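One structure is given below, encoded as C-alpha cells.
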Amino acid sequence: MFAERVLSGMRPTGALHLGHYHGVLKNWVRLQAEYPCFFFVADWHALTTHYETPEVIQESVWEMVIDWLAAGVDPNQATLFIQSRVPEHSELFLLLAMGTPLGWLERVPTYKDQIEKLKEKDLQTYGFLGYPLLQAADILIYRALYVPVGEDQVPHVEMTREVARRFNHLYGRELGFEEKALEAVKKLGSKRAKLYLELRNAYQERGEDEALMQAQALLQEAQSLSMGDRERLFGYLEGARKIILVEPQALLTEAARMPGLDGQKMSKSYANTIAIREAPEEVIRLVRTMPTDPARVRRTDPGNPANCPLWQFHQVYSDQTTKDWAQKGCQSASIGCLDCKQPVIDAILREQQPMFERAQQYLDDPSLLRSIIADGSDKARKVAQETMRDVREAMGLDVD
Ligand code: TRP
Ligand code: SF4
C-alpha cells in the first residue's frame, strides 16, 4: 500500500571522515539505486547537543552535503534535504508528543549514555529528552519502511514503531466506526449476530485463529449485507484500525568497522580520523605518523601485525597479495613500517580521487548545491504535507 521508502539522516556536527564513508555513505549509494531514498541533514537534531554553538552546525551543513555528493550520493536518484526546511517534522513531533509517555523517552539507552559521555555539555534539556521522538517524526512523516542506521540507533527505530502503533490505535478509527459496525452486526439477524460477536471475542481475547476463520466464513455466507457493511464487519473482527503511520524497520548497517589512526574505531571524539576530503599531503603525513607495533623499535626488529593499528587498514584496503607481503615482511623484518604503509596510503589516495573530482563542481559553484537542496526539500515537503493531512484529519484538527 505504501511505497518502499528508505529514510536516513545525519547530524551536521563536523567534517565527515572515512568511517562515515565506509560505514554509512557506501550503503546509501547502494540503496539509492534500489529504493526511493530520502536522506536529510538533521540540523535540529544537532541543535539538541550544540544549542550553544549553532555556528558549528551552520558551517557543517553544506560541507556535509558536499561530502555526500562526493561519496556518490546522487541527487537524481535520492531526495536530499535539510530537516529545518521541512517544518512539518516539527508539527508531527508536537502532535506525537501529546501522547508519548515520558518513560519511553527516559529509557532509551542513548539518553543516559550521552548525558554521561558528553559531560561538558548540559543535556538536561527538554529538547534532548525529546531527541528520539523528533527522530520518530522524521521517519513517520515519510511513511518510510526502511531506516538504515547503525546499531546504536536501533532503539530509536524500535521506539518509532511503538509510537506509530500507538498513534494508529488512538486515532486510526473511522469516525463512528464502532457504531457503524454494531449497526451492521444487527443486520446479520439475531442468531448470526450473536455467533459473530462470540467468535470475535474468542479471537480478540484469546487469539483463537479458528474463531476468526469461522467468523469470516459466516460473513461470506451472509447475503443481506451491503459492501460497506461487509467490509466493516471484516475490519471489526480484527479490531482493525486505519493505518495512518507506518511502522518502519531498521536496516542494520553491517558494522564496516573502519579503524582510526590509533586502532580504535574511527570517530571524531577520539581525534583519530581521516576526513573524506582530507588533503593528500595530510593523508600521507597522518598515515606515516601512525603508531605501529611497539615491538618494532628498530628496523631490524620483527613485529606482529596483530599488534599494529596499520594492519587493520590493510584489512580494509589491501588485496590478499599485499596483505601476505605485509605480514611476512613484518614478521621477518624484511620491510620497514614506512614500506608497509605505502600501499595503504596509495589506496586511500586512489579512493579519494573520484570524490575530489565530484566535489569540485560544487565548490566552484555553490549555487548548484543550493538548488539540489531546494529541490529536495520541496519534494520532501510534498510527501510530508500529505502525511500531515491524514494525521490532522485523524486527530480531528482539520475543521475549517
Ligand atoms: N539520530 C541519528 C544519528 O545520530 C540521526 C537521525 C536523525 C536519523 N533523524 C533520523 C537517522 C531519522 C535515521 C532516521 O545518527
Ligand atoms: Fe605494522 Fe606493517 Fe610495521 Fe608490521 S611492518 S608493525 S604491520 S606497519
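Any read-out appearing in this document is the output of simple, stated calculations on the displayed coordinates, not a laboratory observation. If you're wondering where the values come from, they're calculated on a predicted model, not measured in any experiment. Every residue, glycine among them, receives a Cβ derived from its backbone with ideal geometry; neighbour counts consider all protein chains shown.
Miscellaneous remarks
- Folded to 0 to 90 degrees: helix 366-394 orientation relative to the chain principal axis, Cα: 20
- Dimensionless Rg/Rh of the stretch 277-363 - Kirkwood Rh, Rg from C-alpha atoms: 1.06
- Report note on the peptides 92-103, 11-22, 289-300, 150-161: ranked by the mean count of other C-beta atoms within 10 Å, highest first, their order is 11-22, 150-161, 92-103, 289-300.
- Size descriptors for the stretch 253-400, from the alpha-carbon set: Rg then Dmax equal 23.8, 84 Å.
- Among 39-45, 342-348, 353-359, the order from most to least packed when residues are scored by Cβ within 10 Å on average: 39-45, 342-348, 353-359
- Note: relative contact order over the chain, using C-alpha pairs below 8 Å and six or more positions apart, is 22 percent.
- Reference-scaled alpha-carbon Rg (2.2 N^0.38 Å with N residues) for the chain: 1.29
- Globularity index of the stretch 1-90, i.e. its alpha-carbon radius of gyration over 2.2 N^0.38 Å: 1.09
- Helical runs (DSSP H, four residues minimum) scored at -39500 (n - 2.57) apiece and divided by the length of the chain put the mean residue ellipticity at 222 nm at -18000 deg cm²/dmol.
- The calculated P(r) of the stretch 62-212, using every Cα pair and 10 Å bins from 0, goes 8, 24, 26, 19, 12, 7, 2, 0 in percent.
- Calculated FRET value between Q385 and H169, using beta carbons and R₀ = 22 Å, to 0.05: 0.35
- Computed packing ranks the peptides 104-112, 211-219, 126-134 as 126-134, 211-219, 104-112, most packed first, by mean other Cβ atoms within 10 Å.
- Net charge of the neighbourhood of W28, taken over other residues with C-beta under 13 Å away and scored Lys/Arg +1, Asp/Glu -1, is -1.
- With the convex hull drawn around the C-alpha atoms of the stretch 329-400, the volume per residue stands at 164 Å³.
- Cα-based radius of gyration of the stretch 188-244 once divided by 2.2 N^0.38 Å, which approximates compact folds: 1.08
- Shown is the FRET efficiency for D319 and K268, computed with R0 = 25 Å from the Cβ-Cβ distance and rounded to the nearest 0.05: 0.25.
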